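Single-structure report; data block below.
The values are calculated or read from the model by the stated rules, or taken from the named source; none is laboratory data. This is a predicted model, so every value here is computed, not measured. Note that we place each Cβ from the backbone using ideal geometry, even for glycine, and neighbour counts take in every protein chain shown. When the accessible area is computed, the model is the full protein with side chains, heavy atoms only, and any ligands, DNA or RNA have been set aside. Shrake-Rupley method; radii C 1.70, N 1.55, O 1.52, S 1.80 Å.
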Amino acid sequence: MTQKKSKLCSRANVYTQVPDGGWGWAVAVSFFFVEVFTYGIIKSFGVFFNDLMDSFDESNSKISWIVSICVFVLTFTAPLSTVLSNRFGHRLVVMVGGLLVTTGMVMASFSQAVYHMYITVGIISGLGYCFSFLPTVTILSQYFDRRRSVVTAVASTGECFAVFAFAPAITALKESIGWRNSLLFVGLLQLNIVVCGSLLRPIIIRAPGSPKTTTQENRKEVQYMLENEKTRTSIDSIDSGVELTTSPKNVPSQMNVELEPKADIQQNLVNTNSRQSCKKVPLLDFSILKEKSFICYALFGLFATLGFFAPPLYIIPLGISLGIDQDRSAFLLSAMAIAEVFGRIGAGLVLNKEPIRKIYIELICVILLTVSLFAFTFATEFWGLMSCSIFFGFMVGTVGGTHIPLLAEEDVVGIERMSSAAGVYVFIQSISGLAGPPLAGLLVDQSKIYSRAFYSCAAGMTMAAMCLALVRPCKKGLCQRRHSEETKAEIHHRKALQDIPEDFLEMDLGKNEHRVHMQTEPV
């Protein structure tokens, strides 16, 4: 492994192949704590729900807009995060995101109206969450190949441990210092995202061969091209009686034989290199929208997001509405978080096995997750809610820890275009991220029954399962058409090559030798 300095004075790790380790382990630890201070805080925000309702005297749906706007901004600005990461690097974007998250949460602790929370937590912190989370999970996928599924799954358990620890801790902290000071403390704690971002070294996968050798080869290529051009000029000048030192008569015949193929080969290489250098890599590749498999997978993420955030937000109010005290209701959220840890690790271990069709395993998990959401509507006491929370936590862990890394699989888009795919995919999720919690809150406000909030989640997850089931068939059909197009293009290219002389220098020599013979013939 070699290293070089980037423009931002950071050390870039250069590998000849995906390392499946190395500095990737430090990136994995960073991703763990980024999960703690991003999604872990978002999912724990339900502990402030009743306090905000009492302080601002607002309804469930209006308070739930805080999380909705935050999730919407987090997902809607994903393409911006991708563009900035490709332009300035993942490290700088994540560090800026950490500052935005802390700024928003600290300002929120001084809010005097609910719309102040919309701006601070929703927009400012939401933008920071996007800048912190998406670049981290993207660069982590670049450091791993064979172990990608299990490493990402284990590292993503950070949010689960955060919910398990933060839910009872913040509840106890509120009783002693109040919800405003507790929110201020959480905001300062999130400043650790900046430290995590500083550990995200860029990674470069380069084929064996040093840059210096490539430069010397390019110089030789230019030299061959000049020599070839001089030789062609000297041959064409025979008719005018001018003879240059590079004329074929002054050059040994063996040198001519060796020079001709080298000139052709080197010229082709130079032309190829020049064409490749002219092509600029787009900061955001929207060509993935032409992939039918990606469209189906994006729709899966769109509907699945309806069931990701509302249950952790409403599980504590649901427990309180059923007569369970607030401390025991907080343990429901903690149990959900611990079950999610096992779900993420279990899914990572299963998906890490080869060979396995990962998209089908994901589909089974989504179907079971739908069942768990429907189960909440039948719970009436503490242990019933505890069972539903554990079941839901385990299944949401299997899906939540794998749905973004699965973009790197060939069944969706592949690792080469994962960065752009992740930005567009999370951007499409923004619609349901904005509508999910308020829709659940609207059902609660109309029925006064908190269990109704889980109906919209279950309906969305059902639609998600249908879309996910279409990903593999769409990819298979698309690949067949693409293969036939490539075959036709290859046949056409071969036919065109058959009509081109193998060596233009040889053709010019033959042409000019024929002219010389015609001139020397007696009249």
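Take the Cα of Ala469, go 7 Å toward its beta carbon, and the backbone nitrogen atoms of the stretch 343-368 under 17 Å from that spot belong to 359-368. Ranked from largest to smallest solvent-accessible area, with a 1.4 Å probe on the protein heavy atoms, Arg87, Arg472, Arg452 come out as Arg87, Arg452, Arg472.
The alpha carbon gyration tensor of the stretch 305-358 gives principal lengths a ≥ b ≥ c with a/c of 1.5 or higher and a/b greater than b/c, which makes the shape prolate. Once the C-beta distance of Arg87 and Lys292 is scaled by a Förster radius of 41 Å, the resulting FRET efficiency is 0.90 to the nearest 0.05. Cross-linked pairs Lys290/Lys358; Lys43/Lys353; Lys358/Lys476; Lys290/Lys353; Lys174/Lys448; Lys358/Lys475: Cα-Cα separations exceed 24 Å for Lys43/Lys353; Lys290/Lys353; Lys174/Lys448. Restricting the GluC sites (Glu not before Pro) of the stretch 362-426 to loop positions (DSSP other than H, G, I, E, B) with no more than 12 neighbouring Cβ atoms within 10 Å leaves Glu381, Glu410.
Taking a ≥ b ≥ c as the square roots of the eigenvalues of the alpha carbon gyration tensor, the stretch 125-169 is oblate, as a/c is not under 1.5 and a/b does not beat b/c.
With K and R counted +1 and D and E -1, the other residues having a Cβ less than 9 Å from that of Ala337 yield a net charge of -1.
Based on the Stokes-Einstein relation at 25 °C and a viscosity of 0.890 mPa s, and on the Kirkwood radius from alpha carbon pairs, the stretch 349-454 is assigned a translational diffusion coefficient of 154 µm²/s. Within the full protein context, the accessible area of Ile170 is estimated at about 10 Å² for a probe radius of 1.4 Å.
From the Cα gyration tensor of the stretch 55-206, with a ≥ b ≥ c the square roots of its eigenvalues, which class applies: rounded if a/c is under 1.5, or else prolate if a/b is larger than b/c, or else oblate? Taking the square roots of the gyration eigenvalues as a ≥ b ≥ c, the stretch 55-206 is prolate. Calculate the FRET efficiency for Ile205 and Trp25 from the Cβ-Cβ distance with a Förster distance of 25 Å, rounded to the nearest 0.05. Plugging the Cβ-Cβ distance into 1/(1 + (r/R0)^6) gives 0.90. Ordered from largest to smallest accessible area (heavy atoms of protein chains, 1.4 Å probe), the residues Met53, Met105 come out as Met53, Met105. In the stretch 1-148, a dipole from Cβ-located charges (positive for Lys and Arg, negative for Asp and Glu) runs towards its positive end, and of Ala12, Ser85, Val36 it is Ala12 whose Cα lies farthest in that direction. Compared with the alpha-carbon gap, the fully stretched path from Val195 to Ile449 is longer by 87.2 nm at 0.36 nm per residue.
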